[in-house]
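Before any comments, here is the structure.
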Amino acid sequence: MAIVEKPTDEMKVKLHRKVDYYKLRGLIWVMRKYPKKIKPPYTALQAEAQAVFSIASSSLRRLSEHILEAWRIGSVGKKASWTDTFRGIIMSYWKKYRVIAPIAIDYEVIETDTQFKVHWDILQLYIVPEVPE
């Protein structure tokens, strides 16, 4: 970021799409380089990570009310929302093991006289490597 005098039209035309001009806090003119964007084609790893994130996001609507309530209760008092934590866990698991984490979509507590048993419904998703993005 560099402080500049009021940018002229000639400067704006010459540096169009290379430099961004704006007023810092509405007081002084500054300019900065545009951040570099990664342009397709992505690497295979980036494409796979995008697919995992997409699957993690789309799996949210498959969660039952029991699981949603548990996620909401578990996120009370934390900075990150439960949806960000949910996606983060799936992405971290994928980063470590290169498979999508199993997702609990529902549970049922079965109570007998002396024991408690929890029955889980687990969703296991996979990325098909032959399918291009």
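The values are calculated or read from the model by the stated rules, or taken from the named source; none is laboratory data. Keep in mind it's a predicted model, so treat the numbers as computed, not measured. Don't worry about glycine lacking a Cβ; one is built from the backbone with ideal geometry, like all the others, and counts go over all protein chains shown.
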Out of Arg61, Arg98, Arg72, Arg25, sole residue that is loosely packed, with under 13 Cβ neighbours inside 10 Å and touching a helix residue (DSSP H, G or I) at 6+ places or on another chain (Cβ under 7 Å): Arg72
Any hit, the range 76-91, residues being among the small types (Gly, Ala, Ser), at pLDDT below 90, surrounded by 10 or more Cβ atoms within 10 Å (Cβ to Cβ) and closer than 30 Å to Leu125 by Cβ: yes
Residue list for the range 28-58, filter: out of contact with any helix residue (DSSP H, G or I) (no Cβ under 9 Å at 6 or more places or on another chain) and under 30 Å from Leu123 (Cα atoms): Thr43, Ala44, Leu45, Gln46, Ala47, Gln50, Ala51, Ser54, Ser58
